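The values are calculated or read from the model by the stated rules, or taken from the named source; none is laboratory data. All of these numbers come straight from a predicted model, not from anything done at the bench. Neighbour counts run over all protein chains shown; Cβ positions are idealised from the backbone, glycine included.
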Amino acid sequence: MHSEVSFETIDTHTAGEPTRIVLEGIDESMTGSGSVREMRDEFAAESDWVRRLLMQEPRGHANMFGAVIVDAEADADVGAFFMDSGGYQDMCGHGVIGITTALVEEGMVDASDEVTIETPSGVVTAHPTVEDGRVESVTMRNVPSFVFTEVELDVDVGAGRTRTVDVDVVYSGNFTALVDASQFDAPIGEEDADVYREYGRQIWETLDAEYEFVHPFHGESYPASVIEFYETGAVDQNVVVFGAGAQIDRSPCGSGTCAKATYLYDRGTWHSASRIPTRASSRRASRLESPTPTRATSTSSRSRR
């Protein structure tokens, strides 16, 4: 059996994390019409083979990430929804930074100081810094973020031992589970990445099976799709596990960084004039844009094609 399909893509990386941006080849017959969320849901239900084709082996890999550019229904320059090797995300900070870089450098949007993108979570605003036609950095203003709840979960830490850990759930475009890594014996580092992948998989599966997180603004139910383990210091160290495939984010995670900033502000340990430098395999900084209990945060980083 032989069939031919063609897709035009641009690959970027943001602080080491890939985004394969699909520009052509996906049309309304695959997505339907309506909001970006509605188009994403239609695509996932009827054309998920495209995600598997572009994200998984042999064209992708276990930690591949992507975005599909579509027409925006809201007042925005473009629409975009996000996918990975295991499924879909409602929001992605590193993806927004990669999309902004690609669209500006390819001349597909005006290289002004603002690019608006409708995502399944809402409209986000990106501010690129452009020098000689190249995007040097992007600052993203995320959707409104807020601390949602705190839960206790049991995690199998090996050798027949189970540990009960505190998990703070924060909404920042995705529901993100923040976990202080000091609750475990393993330090955050490359050598223990698989250890945290397994912890993240357990936490993700437990939250998915036992909890329902309903957004208080519009009443829709979401899973906690991002698990962020963190160590606090002069530069915060983190490892982020996300999605059904328990992928490890090579960047500090844009929406996760927004979640962490929101959590710290809610706890009174951080204020709006501060910046929070975060490091995974690379660095990113975040600050509060307009601090209220449900205000957005922003994150800044570079992306390269």
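The residue that is surrounded by the fewest Cβ atoms within 10 Å (Cβ to Cβ), among those in segment 15-73 that are of a type in the set (S, T, N, Q) and in contact with a helix residue (DSSP H, G or I) (Cβ under 6 Å, 6 or more places away or on another chain), is 47.
If you filter segment 1-38 down to residues that are in a helix (DSSP H, G or I) and free of Cβ contacts under 8 Å to residues at least 40 places away in the same chain, you find that the one that is nearest to residue 73 (Cα to Cα) is 38. Does segment 191-210 include one or more residues that are in a loop (DSSP other than H, G, I, E, B) and either closer than 26 Å to residue 35 by Cβ or under 18 Å from the mean Cα position of the chain (by Cα) (or both)? Looking for residues that are in a loop (DSSP other than H, G, I, E, B) and either closer than 26 Å to residue 35 by Cβ or under 18 Å from the mean Cα position of the chain (by Cα) (or both), one finds none in segment 191-210, hence no. Given the structure, is residue 155 farther than 30 Å from residue 12 by Cα, in the same structural domain as residue 268 (by TED's automatic domain parsing) and of a type in the set (Val, Ile, Thr)? Yes, satisfied. Residues of segment 149-202 being surrounded by 18 or more Cβ atoms within 10 Å (Cβ to Cβ), more than 19 Å from residue 246 (Cβ to Cβ) and of a type outside the set (A, V, I, L, M), which ones? 168, 171, 172, 173, listed by residue number. Would you check if there is a residue in segment 93-110 being modelled with pLDDT under 95, closer than 19 Å to residue 223 by Cβ and in contact with a strand residue (DSSP E or B) (Cβ under 8 Å, 6 or more places away or on another chain)? Looking through segment 93-110, at least one residue is modelled with pLDDT under 95, closer than 19 Å to residue 223 by Cβ and in contact with a strand residue (DSSP E or B) (Cβ under 8 Å, 6 or more places away or on another chain).
Of the listed requirements (1) in contact (Cβ under 8 Å) with a residue 24 or more places away in the chain; (2) over 30 Å from residue 113 (Cβ atoms), residue 161 misses just one: (1).
Exactly one residue out of 221, 225, 251, 182 is out of contact with any Leu (no Cβ under 8 Å at 6 or more places or on another chain), farther than 29 Å from residue 120 by Cβ, hydroxyl-bearing (Ser, Thr, Tyr) and not assigned by TED's automatic domain parsing to the domain that holds residue 65: that is 182. Within segment 81-95, residues that are assigned by TED's automatic domain parsing to the domain that holds residue 61 reach partners that are among the acidic types (Asp, Glu) and surrounded by 24 or more Cβ atoms within 10 Å (Cβ to Cβ) with beta carbons closer than 6 Å, at six or more positions or on different chains, in the pairs 94/17. Scan segment 214-264 for residues that are of a type in the set (S, T, N, Q) and under 18 Å from residue 16 (Cβ atoms) and the total you get is 6.
Listed here are the residues, each with its yes/no results for (1) touching a Gly at 6+ places or on another chain (Cβ under 8 Å); (2) assigned to a loop (DSSP other than H, G, I, E, B); (3) within 30 Å of residue 197 (Cβ to Cβ).
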{"residue": "40", "(1), (2), (3)": "no, no, yes"}
{"residue": "53", "(1), (2), (3)": "no, no, yes"}
{"residue": "79", "(1), (2), (3)": "no, no, no"}
{"residue": "82", "(1), (2), (3)": "yes, no, yes"}
{"residue": "91", "(1), (2), (3)": "yes, yes, yes"}
{"residue": "94", "(1), (2), (3)": "yes, no, yes"}
{"residue": "109", "(1), (2), (3)": "no, yes, no"}
{"residue": "117", "(1), (2), (3)": "yes, no, yes"}
{"residue": "130", "(1), (2), (3)": "no, no, no"}
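Is it fair to say residue 86 is on the phi > 0 side of the Ramachandran plot and part of a loop (DSSP other than H, G, I, E, B)? Judged against the criteria, residue 86 is not a match.
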